[in-house]
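Contents: one structure, followed by commentary.
Throughout, read-outs are computed from the coordinates displayed, never taken from laboratory work. It should be emphasised that the depicted structure is a prediction, and the values quoted were computed from it without experimental measurement. Every residue, glycine as well, gets a Cβ built from its backbone with ideal geometry; the counts of neighbours run over all protein chains shown.
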Amino acid sequence: MKLFDVYPLNNITITKALGSYLWDDKGVQYLDMYGGHAVISIGHTNAHWVKRIEEQLEQIAFYSNSINIPIQQELATKLGKVSGKEDYQLFLCNSGAEANENALKLASFHNGKKKAIAFSKSFHGRTSLAVAATDNKSIVAPINETENIIFLPFNDETALTKCFEENGNDIAAVIIEGIQGVGGINVASASFLQLIRALCNQYNAVYIADSVQCGYGRSGKFFAHDWAGVNADIYSMAKGMGNGFPIGGILIAPHIQPKHGMLGTTFGGNQLACAAALAVLEVIESEKLIDHANELGNYLVEELQAIDDLENVRGRGLMIGFDVPEHLKDLKKKLLFEYKIFTGEAKPNVIRLLPSMAITKQQVDDFLGTLKKAIAVIKEEQKVAV
Ligand SMILES: Cc1ncc(COP(=O)(O)O)c(C=O)c1O
């Protein structure tokens, strides 16, 4: 049987990983500035994480949500403490798309309304509603098309206010990433998020903070939305939550009431996934990784801004992007294949940096040194070619 060929692959086979390093099947070492798409939060194969999963595996890996699963409450308690949202409620699922799907559905159950506002360059996942709220027509199948999503320009306060004035009674939810990831590292302004909060209050709509990529400490606060100083009603989470073990979830504000049967999943909240997620929070706490991400991120942004050839360096914490000018268009490929550094990208010309929050200053300096060298080499090669 063949694999269904949907991923454009780099011809590299990674067989081992530790911290911020990866090794391929020939033993070649790579520096991971991409974190497997922002998933690796506490570092690859972190010893505490491995031990927690192994110990859980020997007890029980899975039983359905028809019995008591105390480790779910353990996770909820820890998550409340580390995120500072202790009065919120936790619903567990398996992925980012599923988290957003549940968030949108719950918002609509809650206020009985049908429409949601999403923004230009958004990415919320590939399931039915999540993809409908994603600003990329090429991944929306005809069956996913709906009139219930209204797209507005990102960070445009006038457009948002006008939309609420015209459709406020129909708006169930506003869904927004605190920092857009797939869209190219675009930071939502504090005043925009504050306006969303105010309008959602005024019109009884639900503010959904998609924190699948920008959450879990990556931005230097637990949720990137926290930088605006207002709370959302629902936070969706996934990527960093399990450090590679599949788990997602939503944090739900206390005023949103549950009802039996309203949401559900077979695998969500299984014992093994909860053990992985608990290990992540324990390491985030004990190693103070959120502060570390903030400090190292500030340093990295400053150093990148000092590199003349890079344009529009932006981001927060360890979620950073910059535009690559036309004369350096091969930079990402060169970093990967010649200098053995994984980075992320966003079309058409953005390099995204999403390393583990446990990356060291030395590794960041190694990256910066290599980046400068790669840029110099590309420019030299161009001179020779002329
Ligand atoms: C902001 C955001 N939301 C949702 C998703 C979808 O998550 P998943 O791929 O786990 O379904 C992603 C994935 O990249 C994302 O970046």
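At R0 = 45 Å, how high is the FRET efficiency between Ala141 and Tyr21 if r is their beta carbon distance? Nearest 0.05 is fine. E between Ala141 and Tyr21, to the nearest 0.05, is 0.70. Residues in segment 158-192, backbone N under 20 Å from the label point at Asn204 (7 Å along the Cα-to-beta-carbon vector): list them, ranges by number please. Label zone hits: 163-175. Taking the helices alone, the chain has a mean residue ellipticity at 222 nm of -11500 deg cm²/dmol, built from -39,500 (n - 2.57) per DSSP H run of at least 4 residues and averaged over all its residues. Per-peptide packing, taken as the mean over residues of other Cβ atoms within 10 Å, places 187-196, 306-315, 374-383 in the sequence 187-196, 306-315, 374-383 from highest down. Annotation: peptides 81-87, 55-61, 316-322, ranked by per-residue average of other Cβ atoms within 10 Å with the highest first, follow the order 316-322, 81-87, 55-61.
With 26 Å as the limit, the listed pairs Lys105/Lys137; Lys85/Lys137; Lys121/Lys162; Lys113/Lys347; Lys121/Lys239; Lys221/Lys372 have Lys85/Lys137; Lys113/Lys347; Lys221/Lys372 beyond it between alpha carbons.
For a test of the definition: using alpha carbon positions, the gyration tensor, and the 1.5 limit on a/c, classify the chain as rounded, prolate or oblate. Here the chain falls in the oblate category. With just the Cα atoms defining each centre, how far is segment 13-84 from segment 198-238? Give it in Å. Between the Cα centres of segment 13-84 and segment 198-238 lies a distance of 24 Å.
Compared with the dominant principal axis of the Cα atoms in the chain, helix 289-305 is inclined by about 50°.
Per-peptide packing, taken as the mean over residues of other Cβ atoms within 10 Å, places 160-169, 223-232, 131-140 in the sequence 223-232, 131-140, 160-169 from highest down.
For the pair Asn148 and Gln257, a Förster radius of 22 Å applied to the C-beta separation gives a FRET efficiency near 0.45, rounded to the nearest 0.05. Ordering Gly240, Val350, Gly125 by the projection of their Cα atoms onto the charge dipole of the chain, which places +1 on the Cβ of Lys and Arg and -1 on the Cβ of Asp and Glu, puts Gly125 at the extreme positive end.
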